[in-house]
Amino acid sequence: MNELSQRLIDEWQSGFPLRERPFARMAERLNSDEETVLHTLQGLLTDGVLTRFGPLYQIERLGGAFSLAALSAPLTDFEEIASIVNSFPEVAHNYQRDHALNMWFVLATETPDGIDRAVQHIAAATGLPVLSFPKEREYFLDARFIVGGKRRYVDSSPPQAGEEPGVRVCPKDQLPTLLPTLRPLILATQAGLPLIPRPYHALATELGMTVEAVLNGLQTLLDAGAIRRIGVVPNHYRIGYSANGMMVWDVVDAAVDEWGARIGALEFVTHCYRRPRHPPDWPYNLFAMAHGQSRAEINARAEDIAGLLGKVCRRHAILYSTQILKKTGLRLTG
């Protein structure tokens, strides 16, 4: 990987400019030119080093819901069942993991009650029980990575659209009244932004809006937290994170929030949540995702956490990802 590709991945996972020629601004920071940046981005997407480029939407801020779900697929029918599960637009991500529950997928629905319907429909379509693990509390979420897989990403991007860090020009409680107007823009950008010199002009033409309305709409969604960030999304396997482990812990209920916050603050953890148990087969209530250069590295980190938890943790396990089955992100329907 050349220096420009590495810097695109390391420096542009957020902060993509909201201005007339955003790729020209990227090129300035990268000591390159607009055409080369566009060509490099397209190559990284085509080669699968990047999974997507554009806004990452937060469905809960849009009035919807996320949930993790899992099922146990017989290996003889695994591909067929994966195809059925992946055909549901509510399935944003799907992974095979080395556990009796060997298929784990993230559901994203436009309304909270849509999660239960999606679970029921997938169970009916596959003929298999589906366990749902809705988020009960979020301790940390920032799935960003640097090339080489050596540490958690640290955001050094400039503020977007000239705003100062931390400034919110659209209060979150105002977002519901604006969503009907912003919905066409969300639908047009949820799969990514056009890789052309003036992407916002193309969106404006497509939607029958002014360029200013497109830029203001995206800024409003950023300000309200409906867009987590705008930038590149790397395939962590392709940039040095060869091991992906979902660490799960059976922590006594009285201590889970304290320890969830501590574990979420660890450098190598990218997601950390409290989720429901499903006894007797699933006793775990604390989930922490870790990425590293090897399983041995993640095993060692899990043992370190087990030592910290001590008697408040009764058991733990690591479910390693063995295959990406689907990774499209949020998809609202028209």
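The numbers here are math on the coordinates, done by the rules we state, and not lab data. Remember, it's a predicted structure, so these values are computed and weren't measured experimentally. Because the Cβ atoms are built from the backbone with ideal geometry, glycine has one as well, and the counts that use them run over all protein chains shown.
Count the lysine pairs in the chain that are 8 or more places apart or on different chains: how many have C-alpha atoms under 25 angstrom apart? Working shown, then result.
Working: K135/K172; K135/K311; K135/K326; K135/K327; K150/K327.
For the chain, the number of qualifying lysine pairs is 5.
In a shell of Cβ-Cβ distance under 9 Å around Y95, excluding Y95 itself, what net charge do Lys and Arg (+1) and Asp and Glu (-1) give?
+3
Provide I324, I9 in ascending order of the number of other Cβ atoms located within 10 Å of each residue's Cβ, fewest first. Don't jump to the answer; show the numbers that get you there.
Details: I324 16, I9 25.
Lowest to highest Cβ neighbour count: I324, I9.
Where the only charges are on Cβ atoms (+1 Lys, Arg; -1 Asp, Glu), what is the dipole of the stretch 1-54 about its Cα centre, to the nearest 20 debye? Mind showing how you got there, number by number?
Numbers: 6 positive and 9 negative charges, 44 e Å.
It works out to roughly 220 debye.
If packing is taken as the average count of other Cβ atoms within 10 Å, what order do 32-41, 120-129, 239-248 fall into, highest mean first?
Working: 32-41: 16.5, 120-129: 14.4, 239-248: 20.8.
Highest-to-lowest ranking by the protection proxy: 239-248, 32-41, 120-129.
With n ≥ 4 as the cut-off for DSSP H runs, can you work out [θ] at 222 nm for the chain, using -39500 (n - 2.57) per run divided by the number of residues, rounded to the nearest 500?
Details: 10 runs with 113 residues, N = 334.
It lands at -10500 deg cm²/dmol.
Just to confirm a number: summing +1 for Lys and Arg and -1 for Asp and Glu over residues other than A191 whose beta-carbon lies under 10 angstrom from that of A191, what do you get?
Details: positive: R52, R331; negative: none.
Within the 10 Å Cβ shell, the charges total +2.
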